[in-house]
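Nothing in this text is a laboratory measurement; each read-out follows from the coordinates by a stated rule. This is a predicted model, so every value here is computed, not measured. Don't worry about glycine lacking a Cβ; one is built from the backbone with ideal geometry, like all the others, and counts go over all protein chains shown.
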Ligand code: PDD
């Protein structure tokens, strides 16, 4: 964790960054967030992450606390305060602010609480990439607005803990018989050489990495389609992948204790992983 964080207009040491207990983020989980990977000092797709943040704020009717130039300035300052880290993970959180406890919105004079901090970006070790990981499935018990990157993550926390209790990496969620996403990742499958992704809608977070994977598939001629994935198709997939800013792309080789494909990361995964790493070295690390 960095020593310096940004809180409500000031850069200050982490130990001094405190929020009143009546902050609505603490009381209600009334806020939104972003996680932005930073490679060799370059935030990846900062504009896209800020667009998603803007959208999350609009969806829950919190006014935009900073304009684009100000967000960029804060990001730059924190990244340079942490230049000793090769790769960083910038965390932004905005809550509706501090007010007496009442579910209804506070008066418009209440200012949103803004926290930005940087942490080391921890991506999966190469052994995990080569072996693949196990996952379980569970009913998607979340609400109907999962496109909002909300800090109220209780369902995700419980679902992710279910994975931890089973000593596996992730819980894949099913809603009405269809795959939505993982507790903290998007999910792709491969069926007979074709990459399939569930469509973006209110039941999943529109991942920035999800977009990168589809772009790489398009650019390199990997057959792909965006369509609803039934539980049956998920379970009979040749390959299953997880994607996120921190997981990058990771193969799932066992689901609910049953082997997926050959039980090893598949050929389409290996190709995409190589393409992703190449993209990271040549584009993400150079600020492209
Ligand atoms: N989570 N779906 C969910 C529910 C997520 O929490 C995440 C990322 C994703 C992938 O989004 P992206 O590719 O933009 O990282 C999908 C972040 C990393 C987190 O909460 O830590």
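General observations
- Ascending count of other beta-carbon atoms within 10 Å, so fewest first, for 49, 224: 224, 49
- Among 21, 110, 249, sorting on how many other beta-carbon atoms sit within 10 Å of each Cβ, with the fewest leading, yields 21, 110, 249.
- In percent, rounded to a whole number, the relative contact order of region 126-286 is 25, using alpha-carbon pairs under 8 Å and six or more apart.
- Helical content of the chain, expressed as a calculated mean residue ellipticity at 222 nm, amounts to -8500 deg cm²/dmol (DSSP H runs of 4 or more residues, -39,500 (n - 2.57) each, divided by residue number, nearest 500).
- Angle between the chain longest axis and helix 267-282 axis [Cα atoms, degrees, rounded to 10]: 40
- With Cα atoms, 0 to 90° folded angle of helix 208-219 axis to the chain main axis: 40
- Globularity ratio of region 126-286, using Cα Rg and 2.2 N^0.38 Å: 0.97
- Principal-axis tilt of helix 154-165 within the chain, Cα atoms, nearest 10 degrees: 50
- Each of 109, 137 has some number of other Cβ atoms within 10 Å of its Cβ, and from fewest to most they run 109, 137.
- GNM flexibility winner over the chain from 194, 247, 149 (Cα, springs under 10 Å): 194
- The alpha carbon convex hull volume per residue for the chain rounds to 132 Å³.
- Rel. contact order, % - alpha carbon contacts under 8 angstrom, at least six apart, the chain: 19
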